Every structure is written in C-alpha cells, then in structure tokens.
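Trainee: Mind having a look at this structure? Questions to follow.
The values are calculated or read from the model by the stated rules, or taken from the named source; none is laboratory data. Here the structure is a predicted model, which is why all the values come from computation and not from measurement. Methodologically, a virtual Cβ is constructed for each residue, glycine included, from the backbone with ideal geometry; neighbour enumeration extends over all protein chains shown.
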Amino acid sequence: MKKKLLIIANHRIDRSPGQRFRFEQYLDLLSEEGLDITFSNIISEEDDKYLYQKGNILKKLNLQLSSWRLRINDLKRADDFDVIFIFREALLTRSIYFEKMFCQSTAKVVFDFDDAIWLPNVSEGNKALQKLKSPDKIKRILPEVDLIFAGNNYLADFSRNYNQNVRVVPTTIDTNYHVPNHDNKEGTVCIGWTGTQTTLKYLNLLKPVFKELKRKFGDKVYFKVICDTPFKLEGLEIKNEKWNKEKEIQQLEEIDIGVMPLTDDQWSRGKCGFKGLQYMAMEAATLMSPVGVNQEIIDHGINGYLVNSENEWVTYISELIENPELRKKIGQEGRKTIIEKYSVDANKHRYIDYFNELLNN
C-alpha cells in the first residue's frame, strides 16, 4: 500500500519561490518513490491580489477565517496520512494550534523552513496586522515535530536548541530547467538582480555603485531588475521586468553579472542564497555580500566574489565588465558549483532517504 503524504503550505503550487525551490521540485521524485501526495494551501490566486498590499483589512481577516476552516478539515483527516510536511507554518497568524494537533496525530511530522523566521519580519502592506503574528511561535513548534529540514547551518544550529533531529537541506536548483543560452547576447553587459518586493530594499545598497558604474562605462552597461515592484534610481534608467513563470529562464539568461547585496544581520544570516544560486546556475558571474550561507556557496575569485564595501562592488564588477573571458570563467565555475552541490540531482537521493528513514522508524 502506498504511503500518504500531506503537505501544509501557504501558497499554491508554482507560486512561491521558497516552496518551489525547497520542496516542490521533489514532488515527482517522492511520487515515484511510492508516496501518495495531497497538497493543502491557504492562499488563493485571488487572495494574492490584496494580501501583500496595504489596506483590505476585512478581506485579510476573512482569509484568516477561511484558513481556519481549511486547516480544521486537514486536522480531521490527519490520521489518514503517514507523513505531514509543514512548510514554515500552518497559519499566517500567531497560532500553533494546528502544528501541535498534527503532532498528536498518528502521522510523522516534518517541519521545513528557509529563513530566520523566529525574528520579526512583516511586509510593509501588513504592518497594521503585526500583532496577529508571533515570530516566536517556531520555538514552540520545533520541539513537537519528528524531523526538521533547515535550509542552512545557521538555521540548523538554531533548531538544535529545541530538537536534535535536524537535517540541513539546502535550497536547490533544477539544472535541467535552469539552462543558460548565450547565443543571443548583445555587446552591452547586463548587471541584474531578481527578487520580491520584500527583498528589494537590499538593492538600495547598490545605488551609488550603479551610478559609479554608469559613469565609468556609459552605454557599455545596463541594469535589469526582475521584481513585481519597479526599482527606481534617480538619473539612471533601470530595465524593470515583472517576474513571469513562463519566461523566467529567458528573463534570467539576459543577466551577465548577478548581484546579491545584503545587510549583515540575523535575518540575512538565515537566508539560503537563492538569488546567487539562480545566477550561478545560469552562468552569470555572481557577486554576493559575505553574509551567512553565501560564504559557503562562493569560493572568492573562483566561482564568484564576496564583496564587503561599495569600493569592492565597483572594483570587482568593473573587472568583469572589462574582461569577458574572466566573466565567462567565473560564470562556468559558478554553474559547476551548483551542479555539484546545490542542484536537485546532487541532493535528491539524500532528500528521499530522509523521508524513508522517518517512515521506517
């Protein structure tokens, strides 16, 4: 008889980068291993239109009510499953009622997370509802679950304060899907960034860098931002594109030099380097702030650069602009790193083994 897996998530399939590159890439493989998968998400496509915008308080409260109804139905059938997999949280609010109740079912419970979610981090559109959130709830969830998937060592070390059954599961890239194509490259060099409106603030760190690079290189360079919210820089033209699932590879392959600036704080140290992994998979020469897991991903000067200051950002990007062969070499080494360490193919057997170990205990 097939083992049954219930996945508890916020977003629908193919909507959230975190979900896509943490566990959705492995769903077909888990099915092939004999797991019968049921997916349960609380945020619909219609909800997306207002959830991260200011206002719409009544609609957001109605979403919470509908989320409770859906999770109650999940709880009623919890004993029908062999494994319940929770990505980050069962509800958007401070409650951990459903996590605790799932852990009291006959199913084994896996908890997966990829950010320092024990720290306050509310989107600008939902500041008014901040009191409904409780970042500390993860500290009450972790001791209850059977197995924890942490996105990096920093998150794993935190988790072990509450539960010793922790596995480091990196965010991974499907290198059979992220395939670079440089046939249509123009003579100009594209410096690019991709992300969401919640991470766009980090790109502000490079505003003076972009201005200096434009002053030095003129029309030889241009800047591209892939984000739902446009990035604006006075006196400088930015090529803004909204992320498009159907065109995401085409959007990424235009980038010659990918940047991932971060502030050095607890939240950033919990990040899993996803932007950099995407750039590297697409053979873009990649520069990242030396924060958290970025220091494990990048071998400075070999497969990318770790950058500490505005002056270093300008210096290293300038070298890559001026030297196409160096840019190509760094890009190729970056993709090699992804294939060997951060690809689905490199991690799939270990990922499946973790589920099998849990089911056989």
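Trainee: Within the range 284-302, can you find the residues that are assigned to a helix (DSSP H, G or I), of a type outside the set (A, V, I, L, M) and either in contact with a helix residue (DSSP H, G or I) (Cβ under 8 Å, 6 or more places away or on another chain) or not assigned by TED's automatic domain parsing to the domain that holds Leu205 (or both)?
Mentor: The answer is Asn294, Glu296.
Trainee: All but one of (1) modelled with pLDDT of 95 or more; (2) of a type outside the set (Gly, Ala, Ser); (3) surrounded by 18 or more Cβ atoms within 10 Å (Cβ to Cβ) hold for Ile302; which doesn't?
Mentor: (3)
Trainee: Leu326: in a helix (DSSP H, G or I) and farther than 28 Å from Asn153 by Cβ, yes or no?
Mentor: For Leu326, the condition - in a helix (DSSP H, G or I) and farther than 28 Å from Asn153 by Cβ - is met.
Trainee: Having 1 or more residues that are touching a Cys at 6+ places or on another chain (Cβ under 6 Å) and not hydrophobic (A, V, I, L, M, F, W, C) is the bar; report the strands (runs of 3 or more DSSP E) wholly within the range 171-283 that clear it.
Mentor: 221-226
Trainee: Specify the residue that is farthest from Ser268 (Cα to Cα); the eligible residues are those in the range 106-127 that are at pLDDT 95 or above and under 15 Å from the mean Cα position of the chain (by Cα).
Mentor: For the range 106-127, the residue satisfying everything is Asp112.
Trainee: Find all pairs meeting these conditions: Cβ atoms under 6 angstrom apart; at least six residues apart or on different chains; first residue within the range 205-217 and at negative phi and among the charged types (D, E, K, R); second residue part of a helix (DSSP H, G or I) and modelled with pLDDT of 95 or more.
Mentor: Listed pairs, sorted by first residue: Glu212/Val314.
Trainee: Just a yes or no: is a residue in the range 248-261 under 19 Å from Asn153 (Cβ atoms) and either modelled with pLDDT of 95 or more or acidic (Asp, Glu) (or both)?
Mentor: Yes, the range 248-261 contains at least one residue that is under 19 Å from Asn153 (Cβ atoms) and either modelled with pLDDT of 95 or more or acidic (Asp, Glu) (or both).
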